[in-house]
Amino acid sequence: MKRLLERSPFFYGWIIVGSTVVSMILIYGIRHSFSVFFAPILDEFGWSRANIAIMFSLNIFVYGLLSPAAGTLANQWKPGRIRFFGITILGLATAGCAFVRELWHFYVLFGLLMPLGSAFCGWPILAPTLMNWFVRRRGLVMGLGQMGGGLSFVYSIFVQYTILQWGWRNAYLVLTAVLIVILLPLNLLFFSYHPKDRGLEAYGDSDLPSTGDLPAGEVLMKNPMVAEWSVGQLMRTYQLWFLVLSYFLYWGVGNYLVLAHQVKFIEDAGFSSMLGASVYALFGIMMCAGQLSGFISDWMGREKTATLAALLSVAGLLALLSVRDTSRHWPLYIFPICFGYGAGLYTPTVFAGSADIFHGKQFGVVAGLLLMGMGVGGAIGPWLGGYLYDISGSYTSAFVLSMGCNAVACISLWIAAPRNADRMRAGI
């Protein structure tokens, strides 16, 4: 009966996948809507762009620090209760933003409490949930789950419309209401961390054909002759730290610098805030396309795929920098197409390259370090973009810096050399 269930198109694991996509949109849509909140907050309070951007920097930094702890706790306690705690904290922090009067209020609510809630109800718990439900088709399932993160940028259209209709303070209250009405029921009624909680087996668990069709971690468990990393060994490899540096530069500093300020940049050029939000949403759609194209690195190679992603990101930024006023619209569409697709393609490539080298029981440590690297970089990028604008009156130097970060991130991945993974593992 269990085998029939897992082969059925109505296998409950697909409900988990669907709820994960919705959860990712709503949870990360609040963080990623920062860019559309930026302008009205700046207009009302008149704080410097660098100081406002610190709240976004703090959010990413704290999230990166807490993600490993959230994932570890989910394996040791009751994940459903952990998610309920996370949703509650996220909702209270979001609602609190509607009543902010001082800058430090944003730092506490958006910068500290919001990422605490996100970490304990978001991807650090949802990713292992998907891994538990699916032994086979994990690549497809993880790609679908991450697609929700890309669509969270599209959520900004709804947020921008709400701001235009009722103001930015009421928009935060609306986001809170959505969490309560949609996300809490999803967690209480449909979330299950492991299929055994519903008396089921994971997809593909009962009829694994061979190690050739298994994920890397499963191969290691089935084949004890495959070399296994210890934490001490992987921490002493320069390859690990170049991978962390790559993610730190590409996403943490380079991309989040742009994402925090791109809507305001478009408004400064004379375009409407809704057009700025639409460009932001198109970025999210193209990011989804890039994430779903992660398989390209399987036949093209991790390093070459990362190079393609970095070149696309740079091309997108060059198109954005060419915008000076409202006389030219077309670069505003070239930018999100190239920049979004490149961003979406880079993430699965870095994680796949990391898995090539460090797959096994300690890969969770590697994934946690990658996210921490992104978090540390994210603490720098948005603030630095605002600071460079404050001292120069232009985003040009900030966006050029982002290009440089993308280039060095790509070089770092080449130095880490996932193409030499078999040779490295042979030397463990």
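The values are calculated or read from the model by the stated rules, or taken from the named source; none is laboratory data. The structure displayed is predicted, hence computed values, not measured ones. Heads up, the Cβs are rebuilt from the backbone with ideal geometry, glycines too, and the neighbour counts pull from every protein chain shown.
Under 8 Å between Cβ atoms, which residue pairs at least 6 apart in sequence (or on different chains) link something in segment 338-351 that is closer than 16 Å to ALA416 by Cβ with a partner that is among the hydroxyl-bearing types (Ser, Thr, Tyr) and part of a helix (DSSP H, G or I)?
TYR346/TYR250; TYR346/SER313; PRO348/SER297; THR349/SER297; THR349/THR305; VAL350/SER246; VAL350/TYR247; VAL350/TYR250
Check whether at least one residue in segment 323-330 is crowded, with 19+ Cβ neighbours inside 10 Å and not acidic (Asp, Glu), and report yes or no. Spell out how you get there, then give the answer.
Step one: of segment 323-330, the residues crowded, with 19+ Cβ neighbours inside 10 Å are 323.
Those left that are additionally not acidic (Asp, Glu): 323.
Among the residues of segment 323-330, at least one is crowded, with 19+ Cβ neighbours inside 10 Å and not acidic (Asp, Glu), which makes the answer yes.
Could you check ALA289 against (1) part of a helix (DSSP H, G or I); (2) more than 15 Å from the chain's Cα centre (by Cα); (3) surrounded by fewer than 20 Cβ atoms within 10 Å (Cβ to Cβ) and say which number it fails?
Failed condition: (2).
Starting from segment 377-400, take each residue that is of a type in the set (A, V, I, L, M, F, W, C) and list its partners that are not in a helix (DSSP H, G or I), counting only C-beta distances under 8 angstrom and pairs at least six apart or across chains.
Cβ pairs passing all conditions: LEU388/TYR395.
Out of PRO348, PRO382, report the one residue that is part of a helix (DSSP H, G or I) and over 18 Å from PRO124 (Cα atoms).
Going through PRO348, PRO382 in turn, the sole match is PRO382.
For segment 256-281, which residues satisfy the criterion of being part of a helix (DSSP H, G or I), polar (S, T, N, Q) and surrounded by fewer than 24 Cβ atoms within 10 Å (Cβ to Cβ)? Break it down into steps so the answer makes sense when it comes.
Initial filter on segment 256-281 (part of a helix (DSSP H, G or I)): 256-268, 273-281.
Adding the requirement that they be polar (S, T, N, Q) leaves 262, 273, 278.
Selection gives SER273, SER278.
Could you pull out every one of the helices (runs of 4 or more DSSP H) wholly within segment 83-152 that has 1 or more residues that are under 30 Å from PHE295 (Cβ atoms)? Can you show your working first?
Numbers: elements: 103-108, 114-121, 123-133.
It comes to 114-121, 123-133.
Regarding MET374, is this residue in contact (Cβ under 8 Å) with a residue 40 or more places away in the chain, more than 23 Å from VAL279 (Cα to Cα), in a helix (DSSP H, G or I) and not assigned by TED's automatic domain parsing to the domain that holds GLY252? Before you say what the answer is, go through the steps one by one.
Numbers: in contact (Cβ under 8 Å) with a residue 40 or more places away in the chain: yes; more than 23 Å from VAL279 (Cα to Cα): yes; in a helix (DSSP H, G or I): yes; not assigned by TED's automatic domain parsing to the domain that holds GLY252: no.
For MET374, the condition - in contact (Cβ under 8 Å) with a residue 40 or more places away in the chain, more than 23 Å from VAL279 (Cα to Cα), in a helix (DSSP H, G or I) and not assigned by TED's automatic domain parsing to the domain that holds GLY252 - is not met.
Across segment 26-55, which residue is farthest from the chain's Cα centre (by Cα) among those that are among the β-branched types (Val, Ile, Thr) and closer than 16 Å to VAL154 by Cα?
Our first condition is that a residue be among the β-branched types (Val, Ile, Thr); within segment 26-55, this holds for 27, 30, 36, 41, 52, 54.
Filter again for closer than 16 Å to VAL154 by Cα, leaving 27, 30, 36.
Numbers: ILE27: 11, ILE30: 13, VAL36: 18 Å.
Ranking the candidates gives VAL36 first.
Only one residue in SER23, SER67 is within 19 Å of the chain's Cα centre (by Cα) and either more than 19 Å from ILE182 (Cα to Cα) or not in a helix (DSSP H, G or I) (or both). Which one?
That would be SER67, the only listed residue that is within 19 Å of the chain's Cα centre (by Cα) and either more than 19 Å from ILE182 (Cα to Cα) or not in a helix (DSSP H, G or I) (or both).
GLN362 versus (1) crowded, with 19+ Cβ neighbours inside 10 Å; (2) touching an Asp or Glu at 6+ places or on another chain (Cβ under 9 Å): which is the lone unmet condition?
(1)
Just one of (1) in contact with a Gly (Cβ under 6 Å, 6 or more places away or on another chain); (2) at pLDDT 95 or above trips up LEU103, so point out which.
(1)
Is it true that MET372 is in contact with a Gly (Cβ under 7 Å, 6 or more places away or on another chain) and either closer than 27 Å to SER35 by Cβ or aliphatic (A, V, I, L, M) (or both)?
yes
May I ask you to verify whether ILE82 is assigned by TED's automatic domain parsing to the domain that holds ILE182 and either in contact with a Pro (Cβ under 8 Å, 6 or more places away or on another chain) or surrounded by fewer than 24 Cβ atoms within 10 Å (Cβ to Cβ) (or both)? Give the steps one after another, and end with the answer.
Details: assigned by TED's automatic domain parsing to the domain that holds ILE182: yes; either in contact with a Pro (Cβ under 8 Å, 6 or more places away or on another chain) or surrounded by fewer than 24 Cβ atoms within 10 Å (Cβ to Cβ) (or both): yes.
Answer is yes for this residue.
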